[in-house]
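Read the structure below first, then the notes.
The values are calculated or read from the model by the stated rules, or taken from the named source; none is laboratory data. Computed from a predicted model, the values in this text were never measured in an experiment. So basically every Cβ, Gly included, is an ideal-geometry build from the backbone, and we count neighbours across all protein chains shown. With ligands, DNA and RNA removed, areas are computed over all heavy atoms of the protein, side chains included. Shrake-Rupley method; radii C 1.70, N 1.55, O 1.52, S 1.80 Å.
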Amino acid sequence: MALQPAEIAVIRSQLEQIADEMDSVLVRTAFSPIISEANDRAHGIFDSDGNTIVQGAGGMPIFIGSMEFAVKTLKNRGAVAGTTYVLNDPYLVGTHLQDVKLIRLLADEAGQPMLYLGSTAHWMDLGGTTPGGWTPDAKDIYQEGIRLPPLPVASEGQILPHTLELLRANTRVPDDIEGDLRAQLAALDVGEQRLRDLIRRVGRQRILDIVAEINLRSQKLMESILEELAPGVYTARDYLDNDGVTDAELEIRATLTVGGGRIEFDFAGSSPPCVGPLNLALPTTVSACYAAIKHAFPSVPINAGAFKQVAIHAPDTTFVNAPPPRPVGGYTEAAQRVIDVVLEVLRQAGAAHLGAGNFSTSSAITLSGRAESGRFYVALFNISGGYGGTLEHDGLCGANPPMGHAQMVPIEVYETRFPVLFEWYRLREGSAGAGKHRGGLGTEYGFRLDAQQAYLSLMGDRSKHPPHGVECGYPSPTGTEFLVVRDGVEHRPPLRTKVSRWELRRGDLIVLKSPGGGGFGDPRQRASEAVARDLCLGYVDERQAREIYGSGPAGSDTER
């Protein structure tokens, strides 16, 4: 029987719902706030060749490609049905060691490979020299933690004790890690049950036929979208402040070639592999490109068909395709800069809805020590920031980083779980890039240590190169800023946004500020009532209103 549009839509929705339900199970059962509150996780369903069928709507966009790399790694190494595998090797699956993948093969009644389920979650600690794994001064991956090739972790519903023992022995927070592992296994169990129920109702071959049709339609949709871009060659570049070891900038250069319903990204000309952990393994660069494309064209479903018209070239002479054992723990900064340059070349090629530069930094702080109970803890603090203004709108204020849905954990949870007391968490006034449509505001927070001693590490960026403006818009006037205040004296690290294992004392005030987004269009074309509203809300001050926007303190027009 021929496939009907309604049937295809229903089955696709059911597959997406299964991935969403796996997300929900993990969020409700995970031990670590980075998963349960900050949503640093993703789930997907893959065909027997390892190609993506669907990913949960709430999953991290940067995991679009990395889970597919993980599944294909298992397929090539001969996965066994009924066994769940754990792996985190960045050179095989992308991102960094803390993003742990669990992969399970589902076979049909004849024992033939049918589908794969994938789960990714951020584990809070896997050894290394720095609790939490973010080690800005790391010079090889061995300093960042334990590297896991594909290992069986569960079989026929039972955790394998030897693998569990290995994992627990290589973390400072073994109970949390075991809890998150069990939560991921529970999510896969639910996904498997739902998939088998669906297959029983619809039939194995019917499901596979519909999946093939979904991929084909996504491919055709993407091809039609790309045909609307202007054929040609476009180039953009951006910079990272430093690699965490050497205070020298790293350049990411992207060249986009458009034509014939296809696009190709080439990162030749980017800086060579660096000493510190701002390198990217190739799967990470590919995943970042996919995430940027999904941002640019959100109507295209997430599946393998959507990316058949996309080619990516990243020479191994650059830090966006670094070989082992180069450290990669700072991918959270470098991958976002890849997203930035990809969005910019797509904007140049005619994706007019794309805007100015985004804040694009996670600036992850890890705080570690022993609680009064004697239990070791590792806390992770993300930050939000401003998106760039667009052709039609101001940028978002206090948004999540573009590479994912990972967000700031509620401060009440922080104060309940860890020895910290927040003094403020607010928008960063004056941080938006000026424009006809201004950028969104960054954020800032300050908290005090409520323990005798702790150690802090920071993996951040964007202190020297704030988000750019476009079409005569201004860049953000602020970069990332970090300081510790002790006894009224401010202390800042030599590399500004990167520091390893700073010792803190009770009462120390930790302050982190993120950039706003860049502005879109000439600020003098901004409506005076919009300037007046920004002035009233504290988004701009009187000097900015007068000198940049050409409006008086009450927002009334002056000479323009």
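Values as computed for the structure displayed
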read-out	value
The stretch 216-253, subset out of contact with any Asp or Glu (no Cβ under 7 Å at 6 or more places or on another chain) and part of a strand (DSSP E or B), residue most open to solvent (accessible area, probe 1.4 Å)	Val233
Residues of the stretch 340-355 that turn out to be open to solvent by 10 Å² or more (accessible area, probe 1.4 Å), in contact (Cβ under 8 Å) with a residue 40 or more places away in the chain and hydrophobic (A, V, I, L, M, F, W, C), as a count	2
Met1, sole failed condition from (1) within 29 Å of Thr416 (Cβ to Cβ); (2) at pLDDT below 95	(1)
Lone unmet requirement of (1) surrounded by fewer than 24 Cβ atoms within 10 Å (Cβ to Cβ); (2) touching a strand residue (DSSP E or B) at 6+ places or on another chain (Cβ under 8 Å); (3) part of a loop (DSSP other than H, G, I, E, B) for Asn358	(1)
Residues (part of a loop (DSSP other than H, G, I, E, B), at pLDDT 95 or above and farther than 30 Å from Trp502 by Cβ) located in the stretch 95-133	none
Selection within the stretch 486-499 - at negative phi and open to solvent by less than 90 Å² (accessible area, probe 1.4 Å)	Arg486, Val489, His491, Pro493, Leu495, Thr497, Lys498, Val499
Lone unmet requirement of (1) in a strand (DSSP E or B); (2) open to solvent by 50 Å² or more (accessible area, probe 1.4 Å) for Arg147	(1)
Strands (runs of 3 or more DSSP E) completely within the stretch 1-94 that count 2 or more residues being crowded, with 24+ Cβ neighbours inside 10 Å, out of contact with any Cys (no Cβ under 9 Å at 6 or more places or on another chain) and of a type in the set (Gly, Ala, Ser)	41-47
Within the stretch 430-452, tally of residues that are farther than 17 Å from Thr361 by Cα and in contact with a Leu (Cβ under 7 Å, 6 or more places away or on another chain)	5
Residue count, the stretch 173-210 (criterion: closer than 18 Å to Glu16 by Cα and open to solvent by 40 Å² or more (accessible area, probe 1.4 Å))	13
Selection count where residues are open to solvent by 10 Å² or more (accessible area, probe 1.4 Å) and assigned to a strand (DSSP E or B), scope the stretch 500-527	8
Members of the stretch 371-388 that are more than 21 Å from Ala406 (Cα to Cα) and in contact (Cβ under 8 Å) with a residue 40 or more places away in the chain	Ala371, Glu372, Phe376
The stretch 254-301 - residue that is among the hydrophobic types (A, V, I, L, M, F, W, C), open to solvent by 10 Å² or more (accessible area, probe 1.4 Å) and in a helix (DSSP H, G or I) and, of those, nearest to Asp137 (Cα to Cα)	Leu282
